[in-house]
1. What is the one condition in (1) over 30 Å from Ala269 (Cα atoms); (2) of a type in the set (A, V, I, L, M); (3) part of a loop (DSSP other than H, G, I, E, B); (4) more than 28 Å from the chain's Cα centre (by Cα) that Leu120 does not satisfy?
2. Restricting attention to segment 149-171, which residues are part of a helix (DSSP H, G or I), within 31 Å of the chain's Cα centre (by Cα) and surrounded by fewer than 23 Cβ atoms within 10 Å (Cβ to Cβ)?
3. How many of the residues in segment 172-191 are in contact with a helix residue (DSSP H, G or I) (Cβ under 7 Å, 6 or more places away or on another chain), within 23 Å of Phe70 (Cβ to Cβ), not in a loop (DSSP other than H, G, I, E, B) and not acidic (Asp, Glu)?
4. For segment 240-278, give me each residue that is of a type in the set (Gly, Ala, Ser), within 20 Å of Gln175 (Cβ to Cβ) and surrounded by fewer than 18 Cβ atoms within 10 Å (Cβ to Cβ).
5. Identify all residues within segment 287-305 that are in a loop (DSSP other than H, G, I, E, B) and acidic (Asp, Glu); write none if there are none.
6. Hey, can you tell me all the residues within segment 279-320 that are among the hydroxyl-bearing types (Ser, Thr, Tyr) and buried (at least 20 other Cβ atoms within 10 Å of the Cβ)?
7. Across segment 221-236, what is the number of residues that are closer than 24 Å to Arg102 by Cα and buried (at least 18 other Cβ atoms within 10 Å of the Cβ)?
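The values are calculated or read from the model by the stated rules, or taken from the named source; none is laboratory data. Everything numeric here is computed off the predicted structure, so don't read it as measured data. Here the Cβ is made from the backbone with ideal geometry for all residues, glycine too, and neighbour counts use every protein chain on show.
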Amino acid sequence: MPKTASKDPAKPAEKPAPKTAPKPVAAKPAAKGDHIFLVDGSGYIFRAYHALPPLNRKSDGLQVNAVLGFCNMLWKLLRDMPDDNRPTHLAIVFDKSEITFRNKLYPDYKAHRPPAPDDLIPQFALIREAVRAFDLPCLEQAGFEADDLIATYARLASERGATTTIVSSDKDLMQLVTDKVLMYDTMKDRRIGRDEVIEKFGVPPEKVVEVQALAGDSTDNVPGVPGIGIKTAAQLIIEYGDLEQLLFRATEIKQPKRREALLENAEKARISRQLVLLDDKVELDVPLDDLAVHEPDARKLVAFLKAMEFTTLTRRVADYAQIDPANVEADPGNKSGASVFSPLPRRTSRRRPEMHRHRPQHRWRKPSRPARATTRTPTGEARRQRWPRLVAKRSARPASTARHTRRSAVSISSTPLSRARTTPAISRSRRCRNRSIRCRPSCPGWRSPWRLTTPPTSRSATGSPAVAPACSTQGSRPARSRPPTR
């Protein structure tokens, strides 16, 4: 029974009030001492998508793993922040389009990037709905990247004396780090300041653009100068100051390959610098003062989470706001999906449909192998029917060349010595039938490959047959004789 239910069944249950009533959105001028949080929403989306396995909503099969990961990260950011570091202004910044002024400057900029996964594209709109459910500003402008908007807001906050924290780990944003601008990597719980930038690039933040212009960036298809990496670029910038001074004095470089690369690709280096340099003078559609943080409407957030069927996160938000989620109806727009896009067909697994457990009649089965051909030799009538010519040929052989190649002792004694040596070697691991361990092969009780019926003989030095010595236990137990094996 919920905590808010009435003990009297005749008395209806009262709806609990939220912990804090939602405050109206009011602009608060950013001033000295304020703390502005700027979240790189695009980086959050892809981190959430790759961090969680495919998750489908049970009602319609819509995949919502990126939405769930994004909401969890945003809730953790808002609630796990210490009291002395809580933001006064916060905004989520997204990329509105892939075509920006950089594509006009260099058409191959980010041209090699593959498109977003098909199951992630429908979640972009839902993630923006989630940001609005948290009552946070969702910022994006056509023709500019999210990094340009973050750079502009950070510059305006620094001019007013406020501190800025950029929630991202993108190396392109490290050029914005100053004494009042820091970066925060939520995945590693690591703050990136001036020392961390020097550790990564070898130069202070104000020189990061020069190093990136020389080294290029394969992720964004920034050309740079071939053959020059981060370490070499840092050494050159430290020695010559900046990119223009380096290109002007390129003939003074002693290394011939490095000198020729700079002289031949000077124009590429200048274009690369314009590509990696962030624009911090964007005409913003939403002013900085409108990013003031206020308490979100808990019922609106719970309604969205219930529509997305995020049970655990819904319970966390409801417990924090001290409301009963059963008394909050799911957002009908996000529940049906009509306000965003048409619902997708339900898909419970990435496996092929014929392998689904709930459809055993279409279950894929491994094809059975054909029966192996038997190697057993047929006997009797089957032998005569299968190999009549072979049977007739063997039956026509003389008795001296019969199929029994393992001759008896009598045939060995009557065979010349040269032919007797062709007898197969006798294993020494066999034992005598009389239980004698040290028994000779001449013993009639010895288990030889062939069955001895008479004592074996050997030839003496004169060539006459001689009877081999028998086992000492020969008379204790008679030797068993068996017919030849067919």
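1. It is condition (4) that Leu120 fails.
2. Lys171
3. The total comes to 2.
4. Gly241
5. The initial filter retains those residues of segment 287-305 that are in a loop (DSSP other than H, G, I, E, B), namely 287, 293-297.
Across segment 287-305, the qualifying residues are Glu295, Asp297.
6. Thr314
7. Total satisfying the criteria: 6.
Matching residues to (1) out of contact with any His (no Cβ under 7 Å at 6 or more places or on another chain); (2) closer than 30 Å to Arg57 by Cβ; (3) of a type outside the set (A, V, I, L, M, F, W, C):
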site: Gly227; (1), (2), (3): yes, no, yes
site: Lys231; (1), (2), (3): yes, no, yes
site: Ile238; (1), (2), (3): yes, no, no
site: Phe248; (1), (2), (3): yes, no, no
site: Ser272; (1), (2), (3): yes, no, yes
site: Val282; (1), (2), (3): yes, no, no
site: Leu291; (1), (2), (3): no, no, no
site: Ala298; (1), (2), (3): yes, yes, no
site: Thr312; (1), (2), (3): yes, yes, yes
